[in-house]
Every structure is written in C-alpha cells, then in structure tokens.
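Asker: A single structure is presented below for examination.
The values are calculated or read from the model by the stated rules, or taken from the named source; none is laboratory data. Remember, predicted model here, so these are calculated numbers, not experimental data. Here Cβ is always computed from backbone atoms with ideal geometry, including for glycine, and neighbour counts include all displayed protein chains. Side chains are part of the model used for accessible areas, which takes the heavy atoms of the whole protein and leaves out ligands, DNA and RNA. Shrake-Rupley method; radii C 1.70, N 1.55, O 1.52, S 1.80 Å.
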Amino acid sequence: METKSLLNVAKEYGSPVYVYDSQKIISQYKRLTSAFDKVKRLKVNYAVKALSNLSILKLMKSLGAGLDTVSVQEVKLGLAAGFQAEQIIFTPNGVSLEEIEEVAALGAQINIDNLSILEQFGTKHPNIPVCVRINPHVMAGGNTNISVGHIDSKFGISIHQIPHILRIVENTGMKVNGIHMHTGSDILDIDVFLYASEILFETAKSFKDLEFIDFGSGFKVPYKEGDIETNIEELGEKLTERFNDFCEEYGKDLTLAFEPGKFLVSEAGNFLAKVNVVKQTTSTVFAQVDSGFNHLIRPMLYGSRHEIINISNPKGRERFYSVVGYICETDTFANNRRINEISEGDILAFKNSGAYCFTMSSNYNSRYRPAEVLIHEGKSHLIHKRETFDDILKNQVEVDIFKKPAKMGK
Ligand SMILES: *Cc1c(COP(=O)(O)O)cnc(C)c1O
C-alpha cells in the first residue's frame with residue numbers, strides 16, 4: 001500500500017487503525033491456486049482466526065474460498081458472511097462434544113482430533129461423516145525449524161493410534177471422509193513437508209470412504225527483506241505430482257485441501273499508530289505510540305518482528321529507536337530499530353499486520369480496540385468501528401451491594 005493512502009486513512013479514521021489491502025489478499029489467493037492448478041479438485045479454506053472481519057470473509061467467498069474454523073462462533077460468522085455450511089470445515093482442538101454436535105447440526109464438515117470424542121461422536125451420530133486430524137510426528141533436525149506435529153503436541157491423533165481409529169470406525173459404523181494434518185509451524189523446508197505428506201498418504205490407504213485430504217497450513221510469509229518464505233510454486237509442483245499419483249492409486253479423484261490464514265492476509269495488513277511522545281533516556285530514544293500489546297500482541301507474545309515505517313517522514317534521515325506502547329507494563333514493539341527520524345505526531349506503519357493482530361486485540365488498560373479499514377479498488381471502507389466507552393461498560397453488571405461501607409475484618 002502506498003504511504004500516501006495510508007496517511008489518508010489515518011487522517012480520515014484516526015489512530016490507531018488497522019488497514020487491509022484487498023488487492024494483496026486477492027493476489028496471494030491467486031498465487032496459491034495457480035501453484036496447484038494441476039490438481040483436479042483443489043479447496044482453499046481460509047483460516048478465519050487470522051482475521052475474522054465479515055468483509056474479509058465476504059472477499060474470501062467472492063474468490064471461491066471455503067472456511068476453516070476453530071469455534072462454533074467462527075462457524076456462525078462464516079454463515080453470517082453468506083457461506084454455505086458445506087463450505088466450512090470445523091477443526092477445533094479440545095472442545096466439548098456438545099460444541100461439535102452444535103456445529104454438525106449447522107451442517108459444517110467436522111474434523112475430530114482425539115479418540116475420546118471420535119468414539120462418542122461416532123456412537124451417537126454414525127451417519128455424519130467426519131474428518132480425522134492426524135499427528136504425523138515429523139521433526140526436522142539441523143537448522144530447519146519445523147516441527148510437523150511433534151510428539152508433545154496437543155494437536156491431532158497420533159499416527160501410532162491409527163489401529164485404534166480403525167477399531168472405533170468399525171465398532172460404530174461411522175464414516176471417515178477426510179484426513180487432515182496441520183502442523184502449526186512454518187514450512188521452510190519443502191522436503192520435510194513432503195515427508196509428512198507421505199505419512200498422510202500412507203494413512204489414507206486405511207480409509208475407504210475418503211473424499212479429501214487436508215494438508216493444513218504453515219505457509220510462511222516474509223516479514224522483512226531477505227526473509228525465508230515458503231516456496232509455494234515448488235511445493236505446488238512437487239505435491240501436485242505426488243497427490244495425483246496417489247489419487248490414481250486410491251482409485252478416486254480426491255480433493256486436496258489447504259487452510260491458510262497468514263499466507264492470505266498477513267502482508268495485506270498495516271497497523272497505524274501515532275507517536276505520542278519521543279523520550280530520550282541515557283541509553284536509547286523511545287518512540288511511544290498511542291497503542292500497545294492490547295492492539296498488537298505478536299511482538300511481545302511470539303517475539304515477532306514487524307517492520308515499522310515512519311510514513312509521516314519516509315525520506316528523513318535514519319536514527320535508532322525503541323518503539324514502545326502506552327500500556328502500563330513493558331510493551332515493546334521493536335528494540336534498537338533504524339527508522340526515519342520520528343517527531344511527535346508522526347504516524348508509524350507496522351507491516352504484516354493482517355494476520356493474528358486485530359483478532360488478538362483486547363481492552364487491557366480499558367482502551368478501545370482499534371478501527372479496521374479495507375481498501376478496495378482505490379477506495380477506503382470502514383469495516384469495523386473503533387470501540388467507545390459504552391463497549392467497555394456494556395457487559396459489566398452493576399450490583400447494588402456497596403451502599404454500606406464494606407467490612408474490613410478485625
Ligand atoms: C490456525 C490454523 C490454520 C492457519 O494457520 P496459518 O499459519 O495462519 O496459515 C490452519 N488450520 C488450523 C487447524 C489452524 O488452527
């Protein structure tokens with residue numbers, strides 16, 4: 001997005017504000033589907049938890065995507081955005097049988113990731129086909145930083161428990177129509193991912209009623225220049241060949257499914273915050289913005305590195321800054337970062353703020369969550385209002401029990 005249009009958004013809608021560029025989402029979607037255009041049946045299910053605004057979901061729908069959801073609320077959001085239930089897959093972890101039944105009643109595809117629920121669900125609803133989430137336990141060594149469902153992971157049913165899955169399927173008469181893996185880690189080494197896929201293919205042979213194989217996500221996007229990113233084109237070429245061979249062997253054209261979140265929306269987002277104070281100390285210069293980890297928690301939670309650009313002074317000389325927030329607690333966005341000279345009142349843009357940023361925001365310090373703006377075909381649209389004081393109060397229940405001074409004990 002151009003500096004000028006970002007500045008205009010800050011001017012028009014105030015700060016802090018999230019800004020999303022529909023064009024980037026569209027081009028990422030096209031890039032992924034083009035890489036797999038030799039697969040007969042491809043399904044891209046957008047992971048709602050990355051960015052769950054209704055307008056973003058509607059954009060995904062217009063592109064032909066389905067949805068990947070992890071809560072009944074996300075399923076309902078998808079329905080509210082106009083998706084058919086059949087276009088939604090529910091891949092939760094550790095939720096109750098009741099929640100799974102609620103989603104099944106809505107008509108979404110269920111994905112089960114533990115034997116206990118599989119057995120209970122299969123016993124009660126043998127006619128509702130389910131997908132099973134497999135943990136292939138693939139660990140990469142050396143410098144590659146992948147752990148494809150490692151042994152301690154809480155996700156998925158261990159590959160070593162396939163005999164138990166098969167017993168449950170036989171005992172209950174339930175139908176397994178899909179198998180799934182999602183590693184939760186970045187795919188940096190395609191060969192490791194392909195190795196995990198081989199395990200999934202091997203597993204697939206044990207199930208006779210499959211309609212799809214879901215390879216989850218883990219597509220890594222660059223956060224700064226020179227960053228390693230998943231080579232989607234190479235992955236597409238290699239996995240397509242293996243997948244098509246497998247379908248032949250299996251005797252049926254299965255659907256190849258993915259469920260990317262970050263890949264589709266991360267780079268489309270900018271978070272804009274205004275510099276309240278420039279504070280010199282004995283060791284550094286702090287730029288303090290009108291935000292904090294209440295609005296963008298990834299740097300504090302994961303140590304994520306978001307590029308920061310001073311869009312009010314993009315050509316100014318560079319200095320070193322620590323960019324921090326206004327929360328009464330350490331909330332560092334960036335340490336010792338080279339940024340174009342910052343003055344109070346400048347607007348800073350935090351890159352890669354489309355995924356897991358707004359959706360993880362909170363009201364900590366009783367602050368309002370930011371507004372969200374979507375730029376589409378050159379025009380900006382407010383897609384989420386900034387909160388107001390009413391939002392802070394709205395679910396608090398005032399009880400009339402402190403008329404007399406509270407007793408303080410002896
Ligand atoms: C979070 C999640 C995704 C999306 O992961 P990204 O890294 O954002 O692509 C996909 N599938 C499941 C089951 C998830 O929980």
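Asker: If I filter the stretch 194-211 down to residues being at pLDDT below 95 and touching a helix residue (DSSP H, G or I) at 6+ places or on another chain (Cβ under 7 Å), which single residue comes out as surrounded by the fewest Cβ atoms within 10 Å (Cβ to Cβ)?
Answerer: Leu194
Asker: Oh, and also: Can you name the residue in the stretch 262-271 that is over 20 Å from Gln87 (Cα atoms) and within 16 Å of the ligand (Cβ to nearest atom) and, of all such residues, is surrounded by the fewest Cβ atoms within 10 Å (Cβ to Cβ)?
Answerer: Of everything passing the filter in the stretch 262-271, Glu267 is surrounded by the fewest Cβ atoms within 10 Å (Cβ to Cβ).
Asker: A further question on this structure: Please state which of the following conditions Gly226 fails to meet, knowing it meets all the rest: (1) open to solvent by less than 20 Å² (accessible area, probe 1.4 Å); (2) at pLDDT below 95.
Answerer: The number of the failed condition is (1).
Asker: Given the conditions (1) of a type in the set (D, E, K, R); (2) within 16 Å of the ligand (Cβ to nearest atom); (3) open to solvent by 10 Å² or more (accessible area, probe 1.4 Å), report the number of the one that Asp214 does not fulfil.
Answerer: Single failed check for Asp214: (3).
Asker: Sticking with this structure for a sec: Select from the stretch 104-125 the residues that are in a helix (DSSP H, G or I) and over 25 Å from His164 (Cα atoms) and write down the one among them that is nearest to the chain's Cα centre (by Cα).
Answerer: Residue satisfying both the conditions and the ranking: Leu106.
Asker: Also, I was wondering about something else. Given (1) within 15 Å of the ligand (Cβ to nearest atom); (2) surrounded by fewer than 16 Cβ atoms within 10 Å (Cβ to Cβ), identify the lone condition not met by Val103.
Answerer: (2)
Asker: What residue, of Glu229, Glu259, Glu249, is in contact with a Phe, Trp or Tyr (Cβ under 9 Å, 6 or more places away or on another chain), within 16 Å of the ligand (Cβ to nearest atom), among the acidic types (Asp, Glu) and closer than 30 Å to Val176 by Cβ?
Answerer: Glu259
Asker: Hey, among the residues in the stretch 72-100 that are outside any helix (DSSP H, G or I) and over 16 Å from Cys131 (Cα atoms), which one's farthest from the ligand (Cβ to nearest atom)?
Answerer: Looking at the filtered set, the residue picked out is Gly82.
Asker: Of everything in the stretch 23-41, what is assigned to a helix (DSSP H, G or I) and either more than 20 Å from Lys379 (Cα to Cα) or not basic (Lys, Arg) (or both)? Give them in sequence order.
Answerer: Gln23, Ile25, Ile26, Ser27, Gln28, Tyr29, Lys30, Arg31, Leu32, Thr33, Ser34, Ala35
Asker: Given Lys274, Lys205, which one is of a type in the set (Lys, Arg), over 20 Å from the mean Cα position of the chain (by Cα), more than 12 Å from the ligand (Cβ to nearest atom) and in the same structural domain as Ala349 (by TED's automatic domain parsing)?
Answerer: The conditions single out Lys274.
Asker: Another one. For Glu329, state whether it is in the same structural domain as Lys279 (by TED's automatic domain parsing), closer than 13 Å to Ile297 by Cβ, more than 25 Å from the chain's Cα centre (by Cα) and away from the ligand (no atom under 16 Å from the Cβ).
Answerer: yes
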